Amino acid sequence: MTAEKVEIVKDVYWVGAIDWMLRDFHGLWTPNGGTYNAYLIIDEKVTLIDTVSANFTEELLDRIRTIIDPAKIDYIICQHVEPDHSSTYEDMIKAAPNAKIITSEKGAEFLKLHYPGVEFPLEIVEDGASLSLGKRSLTFVKIPMVHWPETMISYMPEEQLVFSNDAFGMQIASPYRFADQVHDWYEPLRAYYSYIVRFHAKAVLSAFKKVEGIPIKIICPSHGPIWRKDLDKIMEIYHRWSSSPEKENAIVVYSTIWKSTKKMAYAIREGIASVGVPAEIYNLEEEPLSRVQGAAMEAKAVVVGAMTYNLDPYYPTAAFMPYLKHLRPENKIGAAFGSYGWSGGATRVLTEELKEYKFGEVLDPLDVRFRPSEEDLKRCFEYGQEIGRKVKAAFA
Ligand SMILES: Cc1cc2nc3c(=O)[nH]c(=O)nc-3n(C[C@H](O)[C@H](O)[C@H](O)COP(=O)(O)O)c2cc1C
Ligand SMILES: [Fe+2]
Ligand SMILES: [Fe+2]
């Protein structure tokens with residue numbers, strides 16, 4: 001029994017699903033659960049914007065039923081084919097037998113590849129096309145590669161409201177539907193952006209250009225709360241993250257077996273902090289890697305540590321490296337450190353990777369043989385100071 005009704009503006013409702021137990025959203029750590037947002041517009045043409053993940057079909061239909069009989073739906077707008085939004089379609093066309101699925105040409109192609117053999121009642125719309133619903137209308141704007149090639153968003157000019165799909169989304173389960181009611185949305189938004197969107201930053205900037213000058217009062221994303229206040233702030237954050245997200249800070253990440261590399265990490269962090277640059281430490285064996293990625297996105301310097309394990313960086317650090325690559329770290333300072341016993345190898349590999357990922361600057365690595373002596377820890381501290389000074393200089 002689902003009875004909660006959320007009206008955003010007159011006759012536009014949130015009818016999504018809340019996944020209170022979600023802890024991992026295709027690799028993104030979601031400690032606070034998540035939502036799949038769908039929106040129902042009641043007009044001469046009853047319209048559903050996106051749907052939910054298939055295991056929440058009943059929740060979606062229940063919410064719709066509190067407003068209208070699902071059989072009365074005329075249009076289902078498919079903005080993005082990823083299964084968290086489309087895997088209910090087979091059930092939805094049964095519940096709404098008169099509905100047409102409106103999507104882009106690429107959307108139609110992707111639907112066929114996801115649900116082979118299913119005859120969807122498709123109607124393809126061009127970029128910029130407008131669809132009258134009666135009193136209101138929708139204009140479709142393609143935003144390719146934010147974050148899939150078929151992605152489009154829908155704008156309702158009469159309400160200055162945009163259905164932004166995954167853009168401006170985050171994963172958080174909450175009894176509240178609006179961002180101004182939710183505390184602490186910054187980290188979930190950052191985690192979502194860094195894991196799903198940052199790789200496509202250029203496409204985000206192109207999308208911003210495309211909608212420049214269009215008045216927007218409300219943003220309804222497909223995950224997380226709805227934005228209706230301080231839109232300048234969220235736009236500014238998205239712009240910053242899509243251009244240069246780095247702040248005047250650093251993170252030190254490491255993995256270790258016998259704790260020598262940990263000691264190095266702590267000494268390096270002290271060195272960075274000693275010159276007045278805030279620095280955080282993450283143990284990659286204990287943290288969800290996507291959480292660390294969020295912090296790394298906003299760090300000017302990323303200092304990666306690993307003990308040498310069979311000539312290589314120990315697994316947790318090795319596994320973390322691609323998360324840095326996908327952040328497009330051209331404006332970052334990178335450095336590698338670690339403890340080894342005889343051949344070494346970890347820091348050599350890490351340094352090569354940082355260079356290959358096109359970090360703006362890569363320092364020579366810092367190695368310690370077995371357990372760090374007092375003298376070694378002093379070298380670590382000074383290494384941290386050097387990194388801290390470079391961060392400061394970048395913002396001077
Ligand atoms: C399973 C294993 C494999 C290792 N392989 C190498 C290696 O290939 N080359 C090397 O120089 N040291 C190797 N070592 C030695 C460690 O790098 C060394 O003990 C280091 O001080 C451990 O750092 P930690 O205290 O941060 O774990 C290995 C150690 C272990 C436990
Ligand atoms: Fe998506
Ligand atoms: Fe999504």
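The values are calculated or read from the model by the stated rules, or taken from the named source; none is laboratory data. Here the structure is a predicted model, which is why all the values come from computation and not from measurement. For neighbour counting, all protein chains shown are included, and Cβ atoms are generated from backbone atoms with ideal geometry for every residue, glycine included. For accessibility, only protein heavy atoms count, side chains too; no ligands or nucleic acids. Shrake-Rupley method; radii C 1.70, N 1.55, O 1.52, S 1.80 Å.
Brief remarks follow.
- Unique residue being open to solvent by less than 60 Å² (accessible area, probe 1.4 Å) and of a type in the set (A, V, I, L, M, F, W, C) when the list is Ile237, Ile214: Ile237
- Residue in the range 101-109 that is in contact with a strand residue (DSSP E or B) (Cβ under 9 Å, 6 or more places away or on another chain), more than 20 Å from Ser222 (Cβ to Cβ) and in contact (Cβ under 8 Å) with a residue 12 or more places away in the chain present: yes
- Selection from the range 14-39 of residues that are open to solvent by less than 30 Å² (accessible area, probe 1.4 Å), among the hydrophobic types (A, V, I, L, M, F, W, C) and out of contact with any helix residue (DSSP H, G or I) (no Cβ under 9 Å at 6 or more places or on another chain): Leu22
- For the range 333-350, the set of residues classified as surrounded by fewer than 20 Cβ atoms within 10 Å (Cβ to Cβ) and not hydrophobic (A, V, I, L, M, F, W, C) consists of Gly341, Ser343, Gly344, Gly345, Arg348, listed by residue number.
- Residues satisfying the stated conditions in the range 40-66, i.e. in a loop (DSSP other than H, G, I, E, B) and either open to solvent by 10 Å² or more (accessible area, probe 1.4 Å) or touching a Pro at 6+ places or on another chain (Cβ under 8 Å) (or both): Ile42, Asp43, Glu44, Lys45, Ser53, Thr66
- Taken over the range 148-191, residues that are polar (S, T, N, Q) and either within 16 Å of ligand 3 (Cβ to nearest atom) or within 14 Å of the chain's Cα centre (by Cα) (or both) amount to 5.
- In the set (1) within 15 Å of Cys220 (Cα to Cα); (2) outside any strand (DSSP E or B); (3) open to solvent by 30 Å² or more (accessible area, probe 1.4 Å), Glu7 fails one condition alone, (2).
- Residue ID - farthest from ligand 2 (Cβ to nearest atom), chosen from residues in the range 68-116 that are acidic (Asp, Glu) and under 22 Å from Met145 (Cα atoms): Glu105
- Residue check, Glu123 more than 19 Å from Val9 (Cα to Cα), over 25 Å from the mean Cα position of the chain (by Cα) and not polar (S, T, N, Q): yes
- Picking from residues in the range 67-105 that are within 16 Å of ligand 3 (Cβ to nearest atom) and in a helix (DSSP H, G or I), the one that is most open to solvent (accessible area, probe 1.4 Å) is Pro83.
- All positions within the range 263-314 that are charged (D, E, K, R) and either open to solvent by 10 Å² or more (accessible area, probe 1.4 Å) or within 16 Å of ligand 3 (Cβ to nearest atom) (or both): Lys263, Arg269, Glu270, Glu280, Glu285, Glu286, Glu287, Arg291, Lys300, Asp312
- Here is the figure for the range 18-32: residues that are in a strand (DSSP E or B) and either in contact with a Leu (Cβ under 6 Å, 6 or more places away or on another chain) or modelled with pLDDT under 95 (or both) total 0.
- For the range 241-262, the count of residues that are closer than 30 Å to Asp376 by Cα, open to solvent by 60 Å² or more (accessible area, probe 1.4 Å) and in contact with a helix residue (DSSP H, G or I) (Cβ under 7 Å, 6 or more places away or on another chain) is nonzero.
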